[in-house]
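Structure record follows, encoded as C-alpha cells.
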C-alpha cells in the first residue's frame, strides 16, 4: 500500500513514510540540499532566524558562547575567544547527515595533531575537509593582529555551495571580522583525496 | 546512542545501533558503560535512530591522556569543541 492512501493522522502513515524514505536512501538517492550549515548549533544571520535557531541552540556546550549585546537580534554566529600569542586546540567534528564540509579560519593556519584518537604527523593546513562522522584536532596560534576573524565552514561536492561563518575573537577585540570571507575548495575531489593522503600516523620514529 | 570510532572494549553488545541495542523509549534512561583505552583524542556521540541526529542530538567526546603521560604537543591554552554539520528545516517525514 502506498503512503498516499494512508490516513495522515495514523501512526501507520508515519511508518510508511519512513519506509519509503529508507528505501529511497538505500537505493542511493541523496537527501535534498540542506538549508544551512551550523557551527555548534549556530549559523550566521544570513541563513538562520531566531525561531529556526532555537532548536539547535541546545547543543552548544562551550563556556565561551555568547551573543554580542549590541547585536542581540541579529548575531547568531558562534564566537571563539582567544588570547593573543597563545595556542588553542579545536576539536572539529562533522555531525551532519550528508555533506562533507571544509573548515578554515581567516588569516590562520591550522596544525593538524590528532584524528579520532590517533596522533598524526603534525602538518599545517590552511583549510581542512571534514567528512560526515570524522573528528579532527587542530592547533591554532593567535599570532595575528588582535581583532575578529571569520571561522568559515562551507559544503563540499554540492551543486550549490553553502557557507556559514563563526568568529574567532581575540580577547578585547572590538574590531569586527572584515574583508572577503576566505574561499576554500568546493567541488575538487582530487584536493580532498590528496589532503586525506597527506594525513599520516605519528609513529615513534618521528618523535 | 552511537559513538563513531570509539572502540567497544568488552561491550560490543552496546554499540548503540538498532539491532544490537534496543531503542531507549521516551522518559526512560539507559547508561552506557565504556572502557576507553589508547584512543586519546576527539570523537562525538549521536542517536542512530529516527534522524534525531539532525535535530541536534549530538555532543563531543574528549578522551584525555592520563596525567603524566605526554601527548606530542604542548598543552594548549584552551580546548574547544567545534561541531559542524549540515542543517535542514524540513522534518524528515517530508524531506524527499
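Values in this text are rule-based calculations from the coordinates and carry no lab data. Just so it is clear, the structure is predicted and the values come from calculations on it, not from any experiment. Cβ coordinates were reconstructed from backbone atoms using ideal geometry, including for glycine residues, and neighbour counts include every protein chain displayed.
Here the simple spin-label model places points 7 Å from the Cα toward Cβ, and for residue A:18 and residue A:35 these points are separated by 2.2 nm.
Computed from the C-beta positions of residue A:25 and residue A:174 and an R0 of 45 Å, the FRET efficiency is 0.40 to the nearest 0.05.
How many partner chain Cβ atoms sit within 10 Å of a residue's Cβ in peptide B:54-61, on average, as a whole number? Spell out each step's value before the answer.
On the way: counts 7, 4, 9, 3, 5, 5, 9, 4.
Shielding by partners across B:54-61 averages 6.
Rounded, prolate or oblate: which fits the range A:72-207 when a ≥ b ≥ c are the square roots of the eigenvalues of the alpha-carbon gyration tensor, with rounded for a/c under 1.5 and prolate only if a/b beats b/c? Oblate shape, in that a/c is at least 1.5 and b/c is the bigger or equal ratio.
Taking the convex hull of the alpha carbon positions in the range B:51-96 and averaging its projected area over all directions gives 5.1 nm². Reducing the range A:83-128 and the range B:21-96 to their Cα centroids gives an inter-centroid distance of 17 Å. Residues B:9, A:169, B:62 in ascending order of nearby Cβ atoms (within 10 Å, fewest first): B:9, B:62, A:169. Rounded if a/c is under 1.5, else prolate if a/b is larger than b/c, else oblate: which is chain B, with a ≥ b ≥ c the root eigenvalues of its Cα gyration tensor? It is oblate, given that a/c is not under 1.5 and a/b is not larger than b/c.
For the range A:147-207, the square roots a ≥ b ≥ c of the C-alpha gyration tensor eigenvalues yield an a/c of 1.5 or more together with a/b not exceeding b/c, which makes the shape oblate.
Normalised radius of gyration (Cα atoms, divided by 2.2 N^0.38 Å) for the range A:103-162: 1.24. Take the Cβ atoms of residue A:143 and residue A:193, set R0 to 35 Å, and the FRET efficiency comes out at 0.70. Computed from label points 7 Å out along Cα-Cβ, the spacing between residue B:29 and residue B:75 is 3.3 nm.
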